[in-house]
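*Asks:* Mind looking over this structure? Questions follow.
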Amino acid sequence: MARAAAVCMSLAILLAPVTGCFSDIEGIDRADPTNLQVNPSPLVGALLQEVHFTASSSMSVHVPYLVREDGSEFFTNGTTLVFDAPGSLTIEMIAPSNIRSAYFILGGTEGFQDSGMMHIRDSNQSWSELFETDDFVQGPYSWLELPVVRENRSGFSVEEGSLHGTGIIDGLSAFEWLESFADPDSGYNERWGPFTLNDPNYMRAAEYVQGYLEGMGWDADIHRYWISDFSYAVNVCGYKTGTVFPNEWLVLGAHLDVAEPGSPPGGGTRIGAHDNGAGVSLVLEAARGLIQFDHRRTVAVCLWSNEENGYDGVDRWIDNIPQGVTITNYLNSDAVGTNWPGYYTLVVDCIPNNEDKLGDQWEMIRMLEWVGTQNNDISAALQLGREIFHEEGYASMKDVDSSDQKRQTISVHDSDRGRSDYERFADQLGVVSVDWGSLTGGSDCYHGSCDTLDTMIDMMVTDNGTGRQNLVESFDLVSWWIFSAAMVLDETPIHDG
């Protein structure tokens, strides 16, 4: 008999599958990877597909990816297939977007319930690193590696981002959206408000975003909130009602406004491509994937106004949360994109931070690192980022331009320095909230007139990649990371404390 049991996270190409860690060690009876066939091979990266497992002996197979629950429209963060005897099972899974291999862990028929995958592999460790450790080599598990191929976007070169242009969501689409939105002649620039009764540029942008969300399938609204007799805040939100817990809301967001004239330190900007057109584009790209699936909880995607002047947009939205609704988690994207694989740190900040000590949000940190390493070859960047954060601190990554060191880093951490709309969810509601961001205060273009897409492209040039190529890969990484985190948190929210 074969059966599937969901296991939460308590948590080249075209080669034949690779097997490993199957040697006779006294007292250990491992499953033989050669007794497992997985098809198709290769898998198609960044897509949902049916995958067939055929075992010729008894074993358990852990699938550590987003998998559609058996008989359900929902996804679970990994599942274990138990073969009590030879047999076959078919699942639907989303193959990794930016890693050329998928890994399946094999054990005995008792499965993995006693440990869970998060206790087998460190969250900032790659599978290949794990397989080389003595603990794994001498342990009870074996593994099977299956090749993954992600199709290139036709009509584009590698330098233009073709490697990250296909799938459920993709970085090239996010880049193209920002390219259009941040064009100097788009009519969506100078989004400095709205602070007055008539701010045509901001409203034009808001209406465009509303239409874009509606075109995807979101129930989209423009929310107007009076602040005083002469000013108001305007947010754009899309909603998809959850089918199990409709009064529990998972929220994604980014601010739509840009720094107005006179804003320190750069004096204000017209376009605001990095701060925060990029954040908007990545949240919208994640939303393009999320709308394709049903969710247990209601998902809200909001673009906030007035972030640059006191968080009026997000504050008014929080004030008007419908009675009986609770917010489970909040995911934010602000001033992001000029980061890994470029020479600037991708900063993933988790709050609230309580009692002035680090480690309060370790559960969220581990989940985010785990999700990130499932789709991208970033374990070395995560390990370096953790080291830099603890030795040099948050400011060294956000407020200091260290690109001359050419270190490629990602830091997932908790801190006491929330600097965007996500701090309002943490402070006012006690909701565990996350922000994806990169260099701000250390950039000459922060809140400056040179905050353009061309500047972002120039910043992302590396020794082995063009600025556009790297920026598209960065957009792909972050949009997939937000999408995947949202899918995991729909299944199991992470609460403070």
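*Asks:* Of all the C-alpha pairs in segment 331-466, what % are more than 17 Å from each other?
*Replies:* 58
*Asks:* With n ≥ 4 as the cut-off for DSSP H runs, can you work out [θ] at 222 nm for the chain, using -39500 (n - 2.57) per run divided by the number of residues, rounded to the nearest 500?
*Replies:* Rounded to the nearest 500, the figure is -8000 deg cm²/dmol.
*Asks:* Show me the ranking of peptides 431-440, 259-268 by mean Cβ neighbours inside 10 Å, starting with the highest.
*Replies:* Going by the mean number of other Cβ atoms within 10 Å, highest first, we get 431-440, 259-268.
*Asks:* To continue, here is another question. From the backbone phi of segment 170-180, what are the Karplus-calculated ³J(HN,Hα) couplings (6.51 cos²θ - 1.76 cosθ + 1.60, θ = phi - 60°) in whole Hz, Gly and Pro given as x?
*Replies:* Result, ordered by residue: 7, x, 5, 5, 5, 4, 5, 5, 5, 4, 6 Hz.
*Asks:* Could you give the distance between the Cα centres of segment 270-342 and segment 47-71, to the whole Å?
*Replies:* 33
*Asks:* Which one is right for this structure if Cα Rg over 2.2 N^0.38 Å is calculated from it: (i) 0.98; (ii) 1.05; (iii) 1.12?
*Replies:* Computed from these coordinates, Cα Rg over 2.2 N^0.38 Å corresponds to label (i).
*Asks:* Give, as a single signed number, the net charge of other residues whose beta carbon lies under 15 Å from the beta carbon of residue 369, with Lys and Arg counted +1 and Asp and Glu -1. Before the final figure, lay out the partial values.
*Replies:* Values: positive: 121, 366, 386; negative: 122, 129, 349, 363, 377, 387, 414.
Neighbour charge sum, excluding residue 369 itself: -4.
*Asks:* Counting Lys and Arg as +1 and Asp and Glu as -1, what is the net charge of the other residues whose Cβ lies under 9 Å from the Cβ of residue 100? Display every interim value, and only then the final one.
*Replies:* Details: positive: 150; negative: 377.
Spelling it out: positives minus negatives among the neighbours equals 0.
*Asks:* Using the basic label-point model (7 angstrom from Cα toward the beta carbon), what is the residue 416 to residue 292 distance in nanometres?
*Replies:* Modelled inter-label distance: 4.3 nm.
*Asks:* Taking neighbour Cβ counts within 10 Å as the exposure measure, how do 219, 32 sort from fewest upward?
*Replies:* Ranking 219, 32 by Cβ neighbours within 10 Å, fewest first, gives 219, 32.
*Asks:* Residues of segment 211-237 with the amide nitrogen closer than 11 Å to a label point 7 Å from the Cα of residue 320, along Cα-to-Cβ, please.
*Replies:* What the label zone holds, given the 11 Å backbone N cut-off, is 221-227, 233-237.
*Asks:* Extension gain residue 160-residue 462, at 0.36 nm per residue separation less the Cα-Cα distance, in nm? Numbers along the way, then the final one.
*Replies:* Working: separation 302, 0.36 × 302 = 108.72 nm, distance 1.44 nm.
This chain segment gains 107.3 nm when fully extended.
*Asks:* Between residue 228 and residue 428, 0.36 nm times their residue separation minus their Cα-Cα distance comes to what?
*Replies:* 69.8 nm
*Asks:* While we're on this one: Using the Cβ atoms and a cut-off under 10 Å, what net charge is assigned to the surroundings of residue 236, where Lys and Arg are +1 and Asp and Glu are -1? Intermediate results must be reported in sequence, preceding the final value.
*Replies:* Values: positive: none; negative: 207, 221.
Charge balance near residue 236 sits at -2.
*Asks:* Calculate the FRET efficiency for residue 391 and residue 84 from the Cβ-Cβ distance with a Förster distance of 56 Å, rounded to the nearest 0.05.
*Replies:* Once rounded, the FRET efficiency stands at 0.65.
*Asks:* Can you tell me how segment 434-475 classifies by the Cα gyration tensor, rounded, prolate or oblate, using a/c under 1.5 as the rounded cut?
*Replies:* Oblate, because a/c is 1.5 or more while a/b does not exceed b/c.
All of the numbers you see were taken from the coordinates with simple rules; none came from a lab. All values derive from a computational prediction rather than experimental measurement. Cβ sites come from the backbone with ideal geometry, for glycine too, and all protein chains shown count toward neighbours.
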